[in-house]
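Down below is the structure, laid out as C-alpha cells.
The values are calculated or read from the model by the stated rules, or taken from the named source; none is laboratory data. Fair warning: this is a prediction, and the values are worked out from it, not measured in the lab. Every residue, glycine among them, receives a Cβ derived from its backbone with ideal geometry; neighbour counts consider all protein chains shown. The protein model used for the area step is the full one, side chains on, heavy atoms only, and it has no ligands, DNA or RNA in it. Shrake-Rupley method; radii C 1.70, N 1.55, O 1.52, S 1.80 Å.
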Amino acid sequence: MDIKCYIQSSAAISPQQSFTGDYIPQLLPLTERNLMRAVEPAYTGFIPPNSLRRMSRLLKMGLTSALQCLRNCNSAVPGAIITGTGRGSLQDTEKFLHDIRTYEETALNPTPFIQSTYNSVNGLIALQQQCTDYNNTFVHRGFSFEHALLDSILQIQEGVAESVLTGGFDEMTVEHHYIKSRIGYWKTELTQPADMLGSDTQGTIAGEGSVFFLIGTAPSAVELKGMQMLYKPTPEQLTASLSQFLTQQGVAPEEIDLLVSGRNGDTRFDHYYDVAEKVLPSSVEKIHFKQYCGEYDTAGAFGMWTATQELLSGRHKTALLYNNFYGEQHTFVLLQGSKS
C-alpha cells in the first residue's frame, strides 16, 4: 500500500522575518562580515524564564521553532521527533573548550558540555511535549537534514508513526565563521546577498537557522512526493539521476513550474545548478533560496520551507528543490500542491 506523506505545518527561524506573519523575502544588507544572522523571536510563551537564561541561542531557536510548528496545526505530541544538524550548538561547544583552557580542566561547569551534544534540541522537545516515542538526530554535514527527512518518510510509510516532527538547525558563531574563512568557505570581500550570484568569485555567504515540519499521513495542501540524495556525482550522473527521479515520481519535467535552487555564488560548484536546470523547461521559475538564508549544513531545510510557502500561496503547483553542499552532498526534493 502506497502511503502518501504530507506537510501538515511548518515553522522557520531564519535571517528573514519568517517566524510570524506573511513571509516576504528580503535581500538583507551586510555591514561587517559575510554572515546572515537569524532573527530571533520573542521566546515568551515558549520557554519558561528559569530555563531560558541557561539555554544557548541554538537550543532556544530549535525548541521554539519546533513548538511553533506543532502549534500551527494544533498538535501536541508527534509520533516521532527526527532532526538533522551539521554542527549542533557551537556556542556551547566553544564555551566548554574555552573553560577547559581557562580553568585548566578543574571546576568546569558541565552545562555547556551537556547542551553542546547534537541531540539536545530533540531531548528538550520531547521533555516539554512528553513525547516518549522514536527520537533521533542525524549529523552528516550537508546530508544532516536530508537523512532526517528520509527517516521521517520511512517511519510514515512503514506504519511506525502517523506524524513526524522533522527539523534542521545550525548556528554560526564569529569564531567558527573565522575558522571556515581560512579554508575558503566564504567570500574574501564583503559581498551583499543581492550581488552574491553574480560575484564570479569563490566562496559564499554564511547563514544559520532552525526549520521544522510536521509530516504526516493526513492530507494537506502540500504533498511530499519524494526525495533523492547523491554523493559526489559527475555532471552526467546528476543529469541521469534527476531524470530518473522525476520519472519514478510520475512527474514530467514540463510539469515543474518552480525550481528552488541552492545556488550560492561559489564559482567552484555553481556549474552543478546549470546541469540540473537543463533537465527542466527554460520557462521554469527559479528561487535561489540561499540569497535569503545564507549557506550552512542544514540550509536545505529552509529551501524546503521556501518551496512549501510558494505552494501554499497557490502561485505554483509543483516544486523541485535542488541543493548541494560544497559540491559533495546533492539532494532533490519534490513537492506538489495536493489535489485532495
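Between GLU175 and ASN109, what FRET efficiency comes out of the Förster formula 1/(1 + (r/R0)^6) with R0 = 30 Å and r the beta carbon distance, rounded to 0.05?
0.95
Which percent, nearest 5, of DSSP beta bridges in the chain are antiparallel?
The antiparallel fraction comes to roughly 60 percent.
Which cross-chain or sequence-distant (5 or more) residues have an amide H under 5 Å from the amide H of GLY203, H modelled 1.01 Å from N in plane?
Result for GLY203 returns THR267, ARG268.
Of VAL251, THR318, THR44, which is farthest on the positive side of the dipole of the chain, counting Cα position, with +1 on Lys and Arg Cβ, -1 on Asp and Glu Cβ, and the Cα centre as origin?
Towards the positive end, the residue furthest out is THR44.
Report the full-extension gain for the segment ARG33 to ILE3: residue separation times 0.36 nm, less the Cα-Cα distance, to one decimal in nm.
6.2 nm
Would you mind getting me the FRET efficiency between LYS317 and VAL77? Use the beta-carbon distance for r and R0 = 35 Å, nearest 0.05.
For R0 = 35 Å, the calculated efficiency reads 0.60.
Which value in deg cm²/dmol, rounded to the nearest 500, describes the helix-derived mean residue ellipticity at 222 nm for the chain, given -39,500 (n - 2.57) per DSSP H run of n ≥ 4 and division by the residue count?
-10000 deg cm²/dmol
Pop the C-beta distance of ASP200 and ALA221 into the FRET formula with R0 = 51 Å and round what comes out to the nearest 0.05.
Efficiency, rounded to the nearest 0.05: 0.85.
Considering the chain as a Gaussian network with a 10 Å cut-off on Cα pairs, which listed residue, THR85, THR306, THR117, attains the greatest mean-square fluctuation?
Checking each option, the largest mean-square fluctuation is seen for THR117.
Using alpha-carbon pairs under 8 Å, 6+ residues apart, how would you state the relative contact order of the stretch 5-216 in percent?
Computed value for the stretch 5-216: 35 percent relative contact order.
Among LYS180/LYS278; LYS60/LYS290; LYS180/LYS290; LYS286/LYS317, which pairs are too far apart, with a Cα-Cα distance over 21 Å?
Beyond 21 Å between Cα atoms: LYS180/LYS278; LYS60/LYS290.
Test of understanding: in a Gaussian network model of the chain with alpha carbons linked when under 10 Å, which of SER163, SER65, SER241 would top the mean-square fluctuation ranking?
Among SER163, SER65, SER241, the largest mean-square fluctuation in the Gaussian network model of the chain belongs to SER241.
Of HIS176, HIS147, HIS98, which is the most mobile in a GNM of the chain whose springs link Cα atoms less than 10 angstrom apart?
Maximum among the listed residues: HIS98.
Subtracting the Cα-Cα distance from 0.36 nm times the residue separation, let me have the gained length for ARG268 to GLU285 in nm, one decimal.
In short, 3.7 nm is gained.
Carbon and sulfur atoms: what percent of the 1.4 Å accessible area of the stretch 228-340 do they account for?
Whole-percent figure for carbon plus sulfur exposure: 48.
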